[in-house]
Amino acid sequence: MKRIVSIGECMGELSETGVPGQLSMGFAGDTLNTAWYLRRRLPVDWTVDYVTAVGTDGLSNRMVDFLNGEGIGTDHIRRLSDKTIGLYYIELKDGERSFAYWRSDSAAKQLARDVEKLELALTGASIAYWSGITLAILAPADRITLIDALRGFSARGGKVIFDSNLRPRLWESPDDMREWITRAASIADLCLPSHEDEASWFGDIDAEATARRYQRAGAGRVAVKNGAGEISLLDADGQLIVVPVEPAAEVVDTTAAGDSFNAGFIAEELAGGTMVKAARAGAALAGRVIGARGALVRQATGA
Ligand code: ADP
């Protein structure tokens with residue numbers, strides 16, 4: 001069956017409309033962004049499912065309706081009657097964006113609590129995609145549950161794809177972050193980190209060092225993003241291949257650059273492309289996404 005599951009947290013996004021006293025409401029989150037771009041890039045015989053937990057309230061229903069409307073499967077979303085979704089607010093001041101979050105008690109923190117439901121979500125999928133943010137928001141016991149479920153999925157022939165997406169503020173400590181991220185990468189068939197973050201928190205001297213560190217940890221293959229810099233690919237044999245990126249003519253908003261890159265990369269590989277072709281496809285999509293405002297840029301997908 002051609003089915004890919006993306007696992008993580010989608011939040012409500014509140015942003016200024018420009019009209020005083022009026023906010024607009026959208027939905028975004030790293031793994032949801034990738035699912036959204038995957039849905040628009042993959043042929044219709046592929047199913048893209050989002051795996052998360054939401055409430056049973058009106059706002060949660062709006063999110064589920066949004067996902068369905070975008071063609072993303074919602075059958076494996078947990079519904080919790082005593083929780084609701086996380087929210088964030090984007091403030092624009094002198095062209096700079098800053099964020100305020102209400103997510104510390106969001107339903108998504110319990111996405112791995114029901115092991116049977118989690119296993120059911122993975123059953124029959126060929127790819128499971130998740131990130132360091134997915135891992136960060138979970139309680140330690142749930143992190144183990146999710147890692148074990150993905151390890152089992154991988155042992156049964158599924159492919160696990162992981163974007164480390166380092167967010168130190170979501171972790172108990174930088175050491176915890178490094179330890180869990182390294183564990184998660186160890187079960188990945190493909191790891192998709194971004195060098196700048198990795199250099200800050202793991203001290204990698206260059207993108208190759210990031211790639212080799214994750215392969216040493218156990219990742220099968222690695223593709224390291226590096227802003228406008230080249231993409232460093234490490235294949236399953238440990239061979240390094242470097243793919244140049246064409247610098248964007250205009251950078252309007254880099255939100256979801258990495259998330260859309262991942263979707264372009266995965267979709268190209270599923271179409272039979274090599275890692276190099278996949279990196280080019282990811283970079284082309286991300287290059288268009290950063291040319292417009294927002295995380296989900298319809299005109300960038302050409303679909
Ligand atoms: P993240 O968004 O995860 O921090 P990066 O900043 O490394 O990730 O960007 C992800 C991808 O987006 C890059 O690999 C590249 O393809 C594309 N990208 C980012 N910035 C630029 C840019 N200035 N010009 C062209 N492409 C870019």
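If you average the C-alpha positions of segment 59-110 and of segment 5-29 separately, how far apart do those two centres end up, in angstrom? So the separation of the two Cα centres works out to 8 Å. Over all pairs of different C-alpha atoms, segment 162-207 has a mean inverse distance whose reciprocal, the Kirkwood radius, equals 10.9 Å. P(r) tail for the chain, what percent of Cα pairs lie past 26 Å? Tail fraction, whole percent: 41. Amide H contacts of R78: T52, A53, V54, each under 5 Å away and 5 or more positions distant or on a separate chain (H built 1.01 Å from N in the peptide plane; Pro and chain starts excluded). Length gained on full extension, E119 to E91: 6.2 nm, using 0.36 nm per residue less the C-alpha separation.
Taking a Cβ cut-off of under 13 Å around K159, the surrounding Lys, Arg, Asp and Glu residues balance to a net charge of +3, with basic ones at +1 and acidic ones at -1. Taking the chain as a Gaussian network of alpha-carbon nodes connected by springs under 10 Å, the highest mean-square fluctuation of the residues R78, R151, R97 belongs to R97. Once the Cβ-Cβ distance of S186 and A228 is raised to the sixth power relative to R0 = 41 Å, the FRET efficiency obtained is 0.85. Take the residue pairs K117/K225; K2/K117; K83/K225 and return only those whose Cα atoms are more than 28 Å apart. Distance filter (> 28 Å) returns K117/K225; K83/K225. Considering only L87, L166, A278, the residue lying farthest towards the positive end of the dipole of segment 3-301 is A278, judged by Cα position with unit charges set on Cβ. In the chain, the DSSP-assigned H stretches of four residues or longer account for a calculated mean residue ellipticity at 222 nm of -11500 deg cm²/dmol, using -39500 (n - 2.57) per stretch and the full residue count as denominator.
T254 to D57: FRET efficiency via 1/(1 + (r/R0)^6), r the Cβ-Cβ distance, R0 30 Å, to the nearest 0.05? The computed FRET efficiency comes out at 0.40. For the residues S104, S60, S260, a GNM of the chain with alpha-carbon springs under 10 Å puts the largest fluctuation on S104. Cβ-to-Cβ counts within 10 Å put E230, E198, E91, E116 in ascending order as E116, E91, E230, E198, the fewest first.
The length gained by stretching the chain between Y101 and S81 to full extension, at 0.36 nm per residue less their Cα-Cα distance, is 5.0 nm.
Here, each number is a calculation from the coordinates, and none is a lab measurement. Source: prediction; values computed, not measured. Reconstructed Cβ throughout: ideal geometry from the backbone, glycine too, with neighbour counts over all protein chains shown.
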